[in-house]
Amino acid sequence: MQEKVNTLVKNATEKIEKANNLNELNDLRVKYLGKKGEITSLLKSLSSVSKEERPKMGKLLNEKRNEIEKLLKQKTQVINEQKVEQKIKEETIDVTANRNKYTQGHLNLINETMRQLEELFLNMGFDIVSGPEIDTVENCFDDLNSPKNHPSRDLTDTFYLDKNVVLRPHTSSVQIRVMKEGNLPIRMVSAGRTFRNDEVDDTHSPMFHQMECLVVDENVSLANLKDTINIFIKNMFGEEIKTRFRPHYFPFTEPSLEVDVTCPICKGKGCSACNNTGWSMELLGAGMVHPNVLENCGIDSEKYTGFAFGMGVDRIAMVKYGLDDIRLLYDNDKRFLEQF
Ligand code: FA5
């Protein structure tokens, strides 16, 4: 029997040594130590061994059983360690590989321009205010002194949600909200999306962006308005750019102006982009706040005056980045976006 045991242990040791994975080890455990395993069978057959030999053989079998148990345990540990090492190898990230696969994106030029404008006005001492994109007819037209028959109120110009609620056609509605709060003096800008039933062309989009500016205080003058506009234009486009103020009409300002700048492409000399005028497209509307608007918001128009302007952010971006079509800002063509 002793010889049988020795052969069995020799075979078991070799097989355990050669085992490649935990499943194989488990099969070996069953083969030798399981209920019907070879060592277990030998233990069971001890009854057939002579009385004198039995204790000696019993002791030997138990020793061998423990030996195989120990080998299995050691090999399990080795296999587990190999598995961990393999996993680490497979999951190691080569941080130098594929470094050009993902490029970092950037803000759309409209948001980029809006942030630049906000920062500029913040540095000039203005507050940044936000207003809703859906607003009342009262805030968008009535309190802005807009006559009931003004064409901009028409369904063909403005998107109505019901007869008193619209998608705001301009950010001037935020002026009304801020003035009605009554905290004077006011120095604020407010930027965001605006909506008009405009046909799409190279300078018009039905959804576009405006930034409103409002100052209300004692002794605010047209000179303050022109100075503020000139400062922001030069900061945005450079010292060499010239600003042109043209008389205009808005119901909510008196006097009213429209503003454009020297053509960014030819710098005012005249080229095909500006139809040889030397001037950009219209960038903003402006003026001194109409006394009726101040009174509609509960502000004493004898004591306070104000100026306001509303610029097209998309068009500011077009001039800044030399774009000849507003649609470029909305197409999301990567070939265009990657240029900035
Ligand atoms: C207004 O919206 C006035 N609320 C501006 C204002 C504010 C005047 C305060 C006086 C005092 P206007 O309709 O001109 O004005 O629009 C202002 C600017 O928005 C335009 O100069 C232009 O740059 C831009 N804009 C207007 N319509 C569109 C459009 N469909 N697509 C892109 N930009 C537009």
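Considering only residues in region 1-10 that are in contact with a helix residue (DSSP H, G or I) (Cβ under 9 Å, 6 or more places away or on another chain) and surrounded by fewer than 17 Cβ atoms within 10 Å (Cβ to Cβ), the one that is farthest from Glu81 (Cα to Cα) turns out to be Met1. Screening Leu214 on (1) surrounded by fewer than 22 Cβ atoms within 10 Å (Cβ to Cβ); (2) within 10 Å of the ligand (Cβ to nearest atom); (3) under 18 Å from Met114 (Cβ atoms) shows it passes everything except condition (1).
Residues in region 302-340 that are within 16 Å of the ligand (Cβ to nearest atom), over 24 Å from Asn230 (Cα atoms) and more than 25 Å from the chain's Cα centre (by Cα): 0 in all.
Pairs meeting the criteria (first residue in region 226-238 and closer than 13 Å to Ala308 by Cα, second residue among the β-branched types (Val, Ile, Thr), beta carbons under 7 Å, at least 6 apart or on different chains) are Ile229/Thr243; Ile229/Val259.
Inspection of region 246-255 identifies at least one residue that is modelled with pLDDT of 95 or more and of a type in the set (Lys, Arg).
From the list Thr243, Thr253, Thr228, Thr203, the lone residue that is under 23 Å from Thr136 (Cβ atoms) and within 14 Å of the ligand (Cβ to nearest atom) is Thr253.
Can you confirm whether Leu109 is over 16 Å from Gln210 (Cα atoms) and either of a type in the set (D, E, K, R) or modelled with pLDDT of 95 or more (or both)?
no
As a summary of the residue check, Asp260 satisfies the conditions (1) within 16 Å of the ligand (Cβ to nearest atom); (2) closer than 18 Å to Met211 by Cβ; (3) open to solvent by 20 Å² or more (accessible area, probe 1.4 Å) except for the one numbered (3).
The values are calculated or read from the model by the stated rules, or taken from the named source; none is laboratory data. Please read these numbers as outputs of a predicted model, since none were measured by experiment. Don't worry about glycine lacking a Cβ; one is built from the backbone with ideal geometry, like all the others, and counts go over all protein chains shown. Side chains are part of the model used for accessible areas, which takes the heavy atoms of the whole protein and leaves out ligands, DNA and RNA. Shrake-Rupley method; radii C 1.70, N 1.55, O 1.52, S 1.80 Å.
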